[in-house]
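A.B. asks: Have a look at this one.
The values are calculated or read from the model by the stated rules, or taken from the named source; none is laboratory data. Small disclaimer: the values here were computed from a predicted structure and weren't measured. Positions of Cβ are backbone-derived with ideal geometry, glycine not excepted, and every protein chain shown enters the neighbour counts. Ligands, DNA and RNA are excluded from the accessible area calculation, which covers all protein heavy atoms including side chains. Shrake-Rupley method; radii C 1.70, N 1.55, O 1.52, S 1.80 Å.
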Amino acid sequence: MAKEFIVAIEIGSSKITGIAGKKNQDGSMTVMAIAKEDASACIRKGIVYNIDKTLQCITNIVSKLKNSLKTEIAYIYVGVGGQSIRSVKNTLIKELPTDTIINQSMVDQLMDANRSTPYPDLDILDAITQEYKVDKQFQMDPVGVPCSHLEGHFLNILCRHTYYKSLKKCVENTGTPIADMYIAPLALAESVLTENERRSGCILVDLGSQTTTVSVYHKNILRHLAVIPLGSANITRDITSLQMEEQDAEKLKLKYADANPEEQDEELKYQANADHEVESNKFNHIVEARLNEIIANVKFQIPDELDGLLLAGIVLTGGGSNMKNIDAAFRQQMGIEKVRIANFVNQVIHSNHTDITSHNGMMNTVLALLAKGNLNCAGHELTEDLFGDKPTQPVVPQPLPTNTPTTASAGDGTIKVVLNDKDKEEEKEENKNNEEGKNKEEEKEPKGPNLVKRIWHKTGDFLKKLTTEEE
């Protein structure tokens, strides 16, 4: 029986993670393989800055997964996140004749106009409907309501065009087609937040290595998304000011860092390495100062109109959420009593892999991407013989899901990029250059049969002339 599994890749600041798993009939998932590559040399704050090295990392991950699964990978899902992602509100107004009854076509026109909004050097990855203002009242579904003034309020998720283009190029150059690209923070929210939390209102804080992603939900709709360029790696670098290597600082942070430390003995010291000790008070002061800066930036991201209305409080996840007393620090600094740490996704996961069973929040995003996938990514099975891997059965092409414009009010995180005129012109010029290059190559290529015929005729003419002269 042919294998069935889904493959997802998360582009993180410190590492790139690939995962393969299958969905079971009872709704659970079984993880079949995991692969990781250090991304410190090619990814900064979740953004590709070295295309060649990123390509090599992704190629290595795909190769590792293929070897573990003994199966070719036909498609992969990719998560998009990092500092380049942000949300922008947009309001469009449509004036109508008195007592005009709104129909679906009018609503669609507003949505299309919003998706066509120009943002210099930015792509619209997703457009989330917030609400509609019908005359002076707000409604989620205005169809059938008579009015003369219609407003559409949208939240557009934007990404820098160069980053999106570089990431897509890296993945495509591996030779494995992209099944779909998802906005990682939106996929994460679907897997770690409960429906009650999204409806009542909450702040999802993903504490990563170089970035902290803040997603604000209210009434089951994403209201704000921002990526702060600060993370746990900043705390590690601050600790190195105590005259130690970054590796020693990371170990010290993981072992002793306390987000909300109590009064300690001034004589207490921590062993940084075999030859060096640091005072606990200095260490705690450095950790607390940087963490307070991160929390202050998170607090700043709460929209003014939602202040006091986020009844479900704060949900912390990511590797940084493992710091001791991190919930107490957020509770104290932000003045919100309800704080929950989401160490794992809501789905039931079957796996013996330590990265999964440790439930430390570091695999939540890639598991969320895996949960969103719905296309069988398995190709042909691989077998080893004297001549290397050979396919035992042909690859059966499977249709990819059709990307249609989102009409859901909450957004599904599926990326649907709208090309501007400049991008269309670049694409047209690139196709033209490729076609001209192809024609030139065809002109340079000698025509086999015609060349032989010309040589044959010339040889005959020469022999005939030579015979005539001898006579």
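A.B. asks: Based on this model, can you work out whether Ile73 counts as crowded, with 16+ Cβ neighbours inside 10 Å, within 30 Å of Lys36 (Cβ to Cβ) and hydrophobic (A, V, I, L, M, F, W, C)?
C.D. replies: Working: crowded, with 16+ Cβ neighbours inside 10 Å: yes; within 30 Å of Lys36 (Cβ to Cβ): yes; hydrophobic (A, V, I, L, M, F, W, C): yes.
Here the answer is yes, as Ile73 does meet what is asked.
A.B. asks: May I pose another question? Looking at the range 90-116 only, could you name the residues that are surrounded by 16 or more Cβ atoms within 10 Å (Cβ to Cβ) and closer than 30 Å to Ile11 by Cβ?
C.D. replies: Asn90, Met111, Asn114, Arg115
A.B. asks: If you go through the range 177-207, how many residues are over 10 Å from Val315 (Cβ atoms), part of a strand (DSSP E or B) and among the charged types (D, E, K, R)?
C.D. replies: Number of matching residues: 1.
A.B. asks: Further question: Going by what's in this entry, would Asn364 be described as polar (S, T, N, Q), surrounded by 12 or more Cβ atoms within 10 Å (Cβ to Cβ), under 23 Å from the mean Cα position of the chain (by Cα) and at pLDDT 60 or above? I'd like the intermediate steps shown before the answer.
C.D. replies: Values: polar (S, T, N, Q): yes; surrounded by 12 or more Cβ atoms within 10 Å (Cβ to Cβ): yes; under 23 Å from the mean Cα position of the chain (by Cα): yes; at pLDDT 60 or above: yes.
For Asn364, the condition - polar (S, T, N, Q), surrounded by 12 or more Cβ atoms within 10 Å (Cβ to Cβ), under 23 Å from the mean Cα position of the chain (by Cα) and at pLDDT 60 or above - is met.
A.B. asks: From Thr117, Thr100, Thr174, grab the single residue that is of a type in the set (Ser, Thr, Tyr), in contact with a helix residue (DSSP H, G or I) (Cβ under 9 Å, 6 or more places away or on another chain) and assigned to a loop (DSSP other than H, G, I, E, B).
C.D. replies: Details: Thr117 fails: in contact with a helix residue (DSSP H, G or I) (Cβ under 9 Å, 6 or more places away or on another chain); Thr100 fails: assigned to a loop (DSSP other than H, G, I, E, B).
One residue alone meets the criteria, Thr174.
A quick yes/no check of all residues on (1) closer than 11 Å to Leu167 by Cα; (2) hydroxyl-bearing (Ser, Thr, Tyr); (3) under 13 Å from the mean Cα position of the chain (by Cα); (4) in a helix (DSSP H, G or I):
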site: Thr54; (1), (2), (3), (4): yes, yes, no, yes
site: Cys57; (1), (2), (3), (4): no, no, no, yes
site: Val62; (1), (2), (3), (4): no, no, no, yes
site: Lys66; (1), (2), (3), (4): no, no, no, yes
site: Glu72; (1), (2), (3), (4): no, no, no, no
site: Val78; (1), (2), (3), (4): yes, no, yes, no
site: Gly82; (1), (2), (3), (4): no, no, yes, no
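A.B. asks: Right, next: Of (1) under 24 Å from Tyr217 (Cα atoms); (2) open to solvent by 70 Å² or more (accessible area, probe 1.4 Å), Ser87 satisfies all except one. Which?
C.D. replies: Unmet for Ser87, out of (1) under 24 Å from Tyr217 (Cα atoms); (2) open to solvent by 70 Å² or more (accessible area, probe 1.4 Å): (2).
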